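Reading through the structure tokens given below for one structure.
The values are calculated or read from the model by the stated rules, or taken from the named source; none is laboratory data. Values in this document were obtained by computation on a predicted structure and should not be read as measured data. Remember, those area values only see protein heavy atoms, side chains included, never the ligands or the DNA or RNA. Shrake-Rupley method; radii C 1.70, N 1.55, O 1.52, S 1.80 Å.
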Amino acid sequence: MIRVLLVDDSALVRSMLKQVFTEDSRFELAGEAADGKEAVEKASGGNIDLIIMDINMPVMDGIEATRRIADFSDAAIVMFTTEDTLDNSYKCITAGALELFKKPNLAGMTQETLREFREKIYLISQTHKQKSRPFLRSGGLKAKAEASLGNSGTAAPAPGSAPLPHIPRKDYEMLLIGSSTGGPSAIQAILKQLPEDFPLPILVTQHIDKQFDKQLVKWLDDTTHFTVSLASNGERPDPGHVYIAPADKHLVVSKAGRDYIMELTDDPPLHFLRPSVDKLFFSAAMFLGNKALAVMLTGMGRDGADGAVEVKRAGGFMIAQDEASCIVFGMPKAVIEAGAADVVLPLNCIAPAVSEAVSHIRR
């Protein structure tokens, strides 16, 4: 059973959310709050698994409330954003939220979209609950994050941990990353660890709504030492630059003469998704062959698994994030079950392993 605290200054929104969640026997209403201050007070009472948090509220906004709650609670915090809060949306991740959602039009949702919405929320909160209960009671989400990320704010292998796995040193041409639920914070953690003189272009397909792609780019550009931008059609990717697939466009690798380029396509969605990780990985296998270095991060579903098979078949190297460090283990699990993962690593070991594999490359 997932105990839910609903936080929104609109009584109507709280009432509609209450109906959405109480229709599902897996959820139980733990309480309601009309502002961030009240949310902090109610969360301090404990026994809450999930907090649905609005951003713009009187007395105390959702970002500050999330920051304070994350100091003492292990509840999964999911933020609802609207058009007027988009600029602040990724500050919620920094504050301690697990995921962002565009505030749904609850009155206009069909039974199928309501079911999908509840299922996604349930999977995030249940996975987090199973991982959190044994070891977060003494400090909350923020304490766990600081312990695993270290003083620099970037994840680092724990002292005395096993040595990094061997990734063949080859003349890789690109680092390709696929992710979905939980992806933004995982991408940020990897970028913070990679060296400033990283010698490869980094292409990222993150499942994302139209409203969030520019904000994701700005947040990563502001919070890491890389230049981050939305990929452009026909652009030649530069080493040490991060390119994010725009919402509703597939990002693929191609060639123009001897140069690798990026292309954006309006091809039909794969797995109901555009952008699709499979599209990126398929193109990498075709044009990069054994010079593709690919990573599958946290996410729901199996997008990217078929493409990962092709990357491995073409001689590229495929890394999957491990279950313990994923928000949702769906996509990495699918890659592993397909036999396409050359190595499975916790999030804090991916960047060091990648850096070692390309340390001989000079661009």
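How big, in percent, is the set of alpha carbon pairs in the range 237-363 lying more than 23 Å apart? Could the numbers behind the result be given before it?
On the way: 2440 of 8001 pairs.
Percentage above 23 Å: 30.
Using the Karplus curve 6.51 cos²θ - 1.76 cosθ + 1.60 with θ = phi - 60°, work out ³J(HN,Hα) for each residue of the range 250-256 in order, rounded to whole Hz, and write x for Gly and Pro.
So the J values, rounded to whole Hz, are 6, 9, 9, 8, 8, 9, 10.
Return the sequence-ordered ³J(HN,Hα) values of the range 73-82 in whole Hz as given by the Karplus equation 6.51 cos²θ - 1.76 cosθ + 1.60 applied to θ = phi - 60°, using x for Gly and Pro.
10, 9, 5, 6, 10, 10, 9, 9, 10, 10
Let me have the 222 nm mean residue ellipticity of the chain computed from DSSP H runs of 4+ only, each contributing -39500 (n - 2.57), with the sum over all residues rounded to the nearest 500. Provide the component values of the computation, followed by the final result.
Details: 12 runs with 127 residues, N = 363.
The helix contribution divided over the chain gives -10500 deg cm²/dmol.
Report, as a whole number in µm² per second, the diffusion coefficient that Stokes-Einstein gives for the range 1-123 at 20 °C and 1.002 mPa s using the Kirkwood radius over alpha carbon pairs. Walk me through the numbers before you get to the answer.
On the way: Rh = 14.2 Å.
D, rounded to a whole number, is 151 µm²/s.
Compute a Gaussian network model of the chain, connecting alpha carbons closer than 10 Å, and tell me which residue from A245, A30, A75 fluctuates the most.
A30
Cα to Cα, under 16 Å, and not fewer than 8 places away if on the same chain: which aspartates and glutamates meet these conditions relative to K279?
Candidates past the 8-residue exclusion: D248, E263, D266, D267, D303, D306, E310.
Test of understanding: express the Cα radius of gyration of the range 167-239 as a ratio to 2.2 N^0.38 Å, with N the residue count. Each step should come with its number before you reach the end.
Values: Rg = 12.6 Å, N = 73, 2.2 N^0.38 = 11.2 Å.
Taking N as the residue count of the range 167-239, the ratio is 1.12.
Evaluate the Debye formula for the chain with equal point scatterers sitting on the alpha carbons, no solvent, and hand back log10 of I(q)/I(0) at q = 0.10, 0.12 Å⁻¹, in q order, two decimals.
-0.61, -0.87
As a quick test, which of the pairs K131/K214; K255/K312; K91/K210; K170/K214; K42/K103; K37/K102 have an alpha carbon distance above 29 angstrom in this structure?
Pairs exceeding the cut-off: K131/K214; K170/K214.
Kindly report the accessible area of the chain per residue (heavy atoms of protein chains, probe 1.4 Å, no ligands, DNA or RNA), in Å².
Dividing the accessible area of the chain by its residue count gives 42 Å².
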